[in-house]
Amino acid sequence: MCRQLMVKGAYWVWDLTQTIREDLAMYPGQPAPVLHHFAEAARDGYGLSEYRFWNHVGTHIDGPLHFFANRPSLHEYPLERFMCPAHVVHVGSAAAVSVDLLVAQLGRDCHHRAVVLDTGAHARWNTPAYFGPFPVLTEEAAHWLVDRGVQMLALDAPSVDPVDTETFPLHRILLGGDCLILENLAYTPELPDVFRLVALPIKVAGSNGDPARVVGLPL
């Protein structure tokens, strides 16, 4: 669950990361995580564990290698790509995220480096209903974001494409335009509409996507 924390009484920090557990409701076709504790402090005097899960489980970032060969691995990106101002778009009852909806909330020029889609799916997290249907971008809206230099699209849903897709057009438009995709965000309504997004993927060579620890900070 998303948590709102105060650090040394100075400012709020929003935890936007879903916890990886063995009992997660999984994206169709994905195996559940296995968290095996070889040793435990109470029993053995120390703790040692093995974690087995796909790299696109829980709150994670999709990199270009997810769909394109000969593109940078996530570990090659500079850290500033994962720490940037973000603006929330509230989808509400819309069936899809259109250019008109984006313009109404971001402005026609959209100078934001990251955009967060509040689709409402976060309310169904870890249930079968989480996997759809949920609002997704139109292809025109995906191109609109890329054309305006948005470097990361985050959303509180399992995928930027519908779960039943076989072609993944929105992944291809965004990642092809070097717009990283952050999926399964633990969005909370307490999050400000404008905030600093910090989404740090684990550092793995040749990565097409990685679990990330994601927080929101005030600007």
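Largest first and in whole Å, what are the equivalent-ellipsoid semi-axes of the chain based on the Cα gyration tensor, each being the root of 5 times an eigenvalue? Mind dumping the intermediate values first?
On the way: eigenvalues 158, 83, 64 Å².
Semi-axis lengths for the chain are 28, 20, 18 Å.
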Phi-based couplings in Hz for segment 92-101 (Karplus 6.51, -1.76, 1.60; Gly and Pro marked x): x, 8, 5, 6, 8, 9, 9, 4, 4, 5
Candidates Gly107, Gly176, Gly29, ranked by Gaussian network fluctuation over the chain, Cα under 10 Å, top entry: Gly29
Under-5 Å amide H pairs with Val204, H placed in peptide plane, nonlocal only: His75
Measure of compaction for segment 98-177 (Cα Rg per 2.2 N^0.38 Å): 1.09
Footprinting exposure proxy for Ser73, Ser207 (fewest neighbouring C-beta atoms within 10 Å first): Ser73, Ser207
Top positive-direction residue, dipole computed over the chain with Cβ charges, set Pro28, Val97, Pro78: Pro78
Sorted peptide list for 148-157, 53-62, 166-175, 82-91, criterion being average Cβ within 10 angstrom, highest first: 148-157, 53-62, 82-91, 166-175
Tyr46 paired with Asn70, simple spin-label distance in nm, labels 7 Å along Cα-to-beta-carbon: 4.7
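Take every Cα pair under 8 Å in the chain that's 6+ residues apart, average their separations, divide by the length, and report that relative contact order as a whole percent. Walk me through the intermediate numbers first.
Working: 471 pairs, mean separation 63.6, N = 219.
Taking the mean separation of contacting Cα pairs over the length of the chain, I get 29 percent.
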Estimated vicinal HN-Hα couplings, Hz - segment 185-190 in sequence order (Karplus 6.51, -1.76, 1.60; Gly, Pro = x): 5, 7, 5, 9, x, 6
Integer Hz, Karplus 6.51/-1.76/1.60 couplings in order for segment 49-65, x for Gly and Pro: 9, 10, 10, 10, 7, 5, 6, 9, 9, x, 6, 8, 10, 8, x, x, 5
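Only the coordinates and a few stated rules stand behind these numbers; no lab work does. All figures in this text were calculated on a predicted structure; none of them were measured in a lab. Reconstructed Cβ throughout: ideal geometry from the backbone, glycine too, with neighbour counts over all protein chains shown.
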